[in-house]
Amino acid sequence: MDGMAKTSTTTQGLRAAIERSGYYPALVAEAVEAAVGGEPVRSYLVHQETTFDQNEVRRHVTVLVLTGNRFIVSHTDEQAADDTSPTPYATTSTESVKLGRISSIVVSRVVANPEQYKPGTLPREIVLTIGWGAVSRLDLEPAACGDPNCEADHGYTGSSTADDLSLRVSEAGDGPETVRQALAFAQALSEATADSTR
């Protein structure tokens, strides 16, 4: 299959995945397609999450798209009627990040019975964390020395973590195909960011 046919298939697969999610597909697809523009789609991930907020059920969909030059993130949330709107409404946003700005990609895998693990076995769940410098988290704790009887103030120590996007995908909640797609997307993004630094 040549590159042009693969790109067309990938774009069609993205549209089909958005429609399969059943979460305002026309709204989500329009926002994502506008952000992608005419660029070929290299890889994608569509992830729907349902949360329970007191007496309400809220849905959220995240769409991640990799093009030749950019990483695109789209979030869509539904909201109940409130003081600003007498009817329920949805908000959708997209962010476009140049591949060279991505500073970290972390894939955490959870596997059952690790002593029996065989290469290629699907993890039970993964957490994909991607950082590009828009949001950082600072974790601080009091610093200490090696003397257990020391009562001096040693200031603080801590770490700064790029935490722009964190997405959890599980086999039980999302299905094995979504876990596979998340792993494939993470690999494609890792490869693309490696290429962009050369």
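The values are calculated or read from the model by the stated rules, or taken from the named source; none is laboratory data. Since the model is a prediction, treat every value here as computed from it, not as a measurement. Using ideal geometry, Cβ is built from the backbone for each residue, glycine included, and neighbour counts are taken over all protein chains shown. Note: areas computed on protein heavy atoms with side chains; ligands, DNA, RNA excluded. Shrake-Rupley method; radii C 1.70, N 1.55, O 1.52, S 1.80 Å.
Looking across segment 97-112 at every residue that is under 29 Å from Glu33 (Cβ atoms) and either modelled with pLDDT of 95 or more or not small (Gly, Ala, Ser) (or both), the one that is surrounded by the most Cβ atoms within 10 Å (Cβ to Cβ) is identified as Ile102. Exactly one condition in (1) charged (D, E, K, R); (2) open to solvent by less than 70 Å² (accessible area, probe 1.4 Å); (3) closer than 19 Å to Ile18 by Cα is not met by Asp82; state its number. Status for Asp82: all satisfied but (3). Scanning segment 49-68 for residues that are surrounded by 13 or more Cβ atoms within 10 Å (Cβ to Cβ) and out of contact with any Phe, Trp or Tyr (no Cβ under 8 Å at 6 or more places or on another chain) yields Glu49, His60, Thr62, Thr67, Gly68. Does Glu95 qualify as being assigned to a strand (DSSP E or B), out of contact with any Lys or Arg (no Cβ under 9 Å at 6 or more places or on another chain) and farther than 17 Å from Val169 by Cβ? It is true that Glu95 is assigned to a strand (DSSP E or B), out of contact with any Lys or Arg (no Cβ under 9 Å at 6 or more places or on another chain) and farther than 17 Å from Val169 by Cβ. Annotation: of all residues in segment 113-129 being surrounded by 11 or more Cβ atoms within 10 Å (Cβ to Cβ) and not polar (S, T, N, Q), the one that is nearest to Tyr44 (Cα to Cα) is Leu128. State yes or no: is Ala90 open to solvent by less than 60 Å² (accessible area, probe 1.4 Å), over 18 Å from the mean Cα position of the chain (by Cα) and over 22 Å from His60 (Cα atoms)? Considered against the rule, which asks whether it is open to solvent by less than 60 Å² (accessible area, probe 1.4 Å), over 18 Å from the mean Cα position of the chain (by Cα) and over 22 Å from His60 (Cα atoms), Ala90 comes out as no. Residues that are more than 16 Å from the chain's Cα centre (by Cα) and among the small types (Gly, Ala, Ser) within segment 22-74 comprise Gly22, Ala26, Ala29, Ala31, Ala34, Ala35, Gly37, Gly38, Gly68, listed in sequence order.
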